[in-house]
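A short write-up of the structure that comes next.
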Amino acid sequence: DTGVSQDPRHKITKRGQNVTFRCDPISEHNRLYWYRQTLGQGPEFLTYFQNEAQLEKSRLLSDRFSAERPKGSFSTLEIQRTEQGDSAMYLCASSPRASGSTGELFFGEGSRLTVL
Amino acid sequence: AQSVTQPDIHITVSEGASLELRCNYSYGATPYLFWYVQSPGQGLQLLLKYFSGDTLVQGIKGFEAEFKRSQSSFNLRKPSVHWSDAAEYFCAVVYMEYGNKLVFGAGTILRVKS
């Protein structure tokens with residue numbers, strides 16, 4: 001399967017712990033996005049990479065959140081000192097930089113975080 | 001502010017009936033409009049997109065959508081719904097003047113009754 005893969009699919013943690021999610025995009029895609037989705041809401045943009053450069057961060061992304069894409073391939077999203085409000089589905093998506101591909105994202109199945 | 005409104009949280013239609021899901025976007029000079037579908041346990045999948053040109057666009061799985069600038073709308077339609085269409089549908093917009101990110105609506109859950 002050559003789609004976007006995310007790991008872990010489910011994570012249960014206690015408040016105050018740190019968690020890290022990994023995303024492996026489609027190999028030829030140079031754009032990578034992180035979104036967060038809570039129950040009854042659409043995905044909310046968190047951050048976006050083009051290759052290894054983080055080009056945009058949402059104001060939703062507090063200082064406890066950090067994302068990296070060190071070699072322009074896989075990406076990690078770390079949440080430090082988790083809070084119950086961080087419970088959500090974290091979605092990763094990738095996109096080629098081809099002309100006309102704006103907004104055409106390929107999503108992974110998501111990583112569900114539950115903070116107790 | 002960039003926003004997308006999907007007025008209907010849930011819609012139930014009978015199998016074989018027609019479907020229209022509503023979407024309104026906040027005003028923008030150059031909106032790029034999309035519909036995505038999310039089935040249980042699966043990632044979001046692009047159904048169709050509108051960038052410019054013909055205001056009626058065709059997508060996968062027999063879906064189509066019509067862009068109406070005067071109404072700031074981009075409604076999704078299907079002439080005959082199948083049970084496998086039951087899913088959550090998201091309208092989304094990119095405003096190029098605000099960067100290269102999708103802004104999603106809250107979604108509409110479609111239920112299909114047999």
The range A:1-39-the range A:52-116 distance, computed between alpha-carbon centres (Å) | 7 Å
Starting from 0 in steps of 10 Å, tell me what percent of the Cα-Cα pairs of chain B lands in each bin.
-> 15, 49, 29, 6, 0
Set Lys and Arg Cβ to +1 and Asp and Glu Cβ to -1, take the dipole of chain A about its Cα centre, and tell me which of A:I12, A:A67, A:S27 lies farthest positive.
-> A:I12
Can you sort A:I26, A:I12 by how many other beta carbons sit within 10 Å, fewest first?
-> A:I12, A:I26
To the nearest 20 debye, what is the magnitude of the charge dipole of the range B:32-114 about its Cα centre, counting +1 on the Cβ of each Lys and Arg and -1 on the Cβ of each Asp and Glu?
-> 160 debye
Shielding by other protein chains, B:97-105, mean Cβ within 10 Å | 6
Two-site label geometry, B:T55 and A:R64: point separation in nm, points 7 Å out along Cα→Cβ | 4.7 nm
Within straight cross-link reach of B:K78, meaning Cα distance under 24 Å, which lysines are found once same-chain residues fewer than 8 apart are removed?
-> B:K49, B:K61, B:K68, B:K113
Bridge type composition, the protein assembly as shown - antiparallel percent by DSSP, nearest 5 = 90 percent
Mind sorting A:M89, B:M96 by how few other Cβ atoms lie within 10 Å of their own Cβ, fewest first?
-> B:M96, A:M89
Hey, could you grab the Kirkwood Rh for the protein assembly as shown? Inverse mean 1/r over distinct alpha carbon pairs, Å, one decimal.
-> 18.2 Å
Alpha-carbon Rg with Dmax, taken over chain A, Å | 13.5, 44
At 4 °C in a medium of viscosity 1.567 mPa s, the range B:1-64 has a Stokes-Einstein diffusion coefficient, with Rh taken as the Kirkwood radius over alpha carbon pairs, in µm² per second, of 94 µm²/s
By counting other Cβ atoms within 10 Å of each Cβ, how are B:Y89, A:Y33 ranked from fewest to most?
-> B:Y89, A:Y33
For A:K14, list the aspartates and glutamates whose Cα falls under 18 Å from its own Cα; do not include residues on the same chain fewer than 8 positions away.
-> A:E78, A:E83, A:D86
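Every number in this text was worked out from the coordinates using simple rules, so none of it is lab data. The shown structure was predicted, so the numbers you read here are calculated from the model rather than taken from an experiment. Counting neighbours? That spans all protein chains shown, and the Cβs are built from the backbone with ideal geometry, glycine included.
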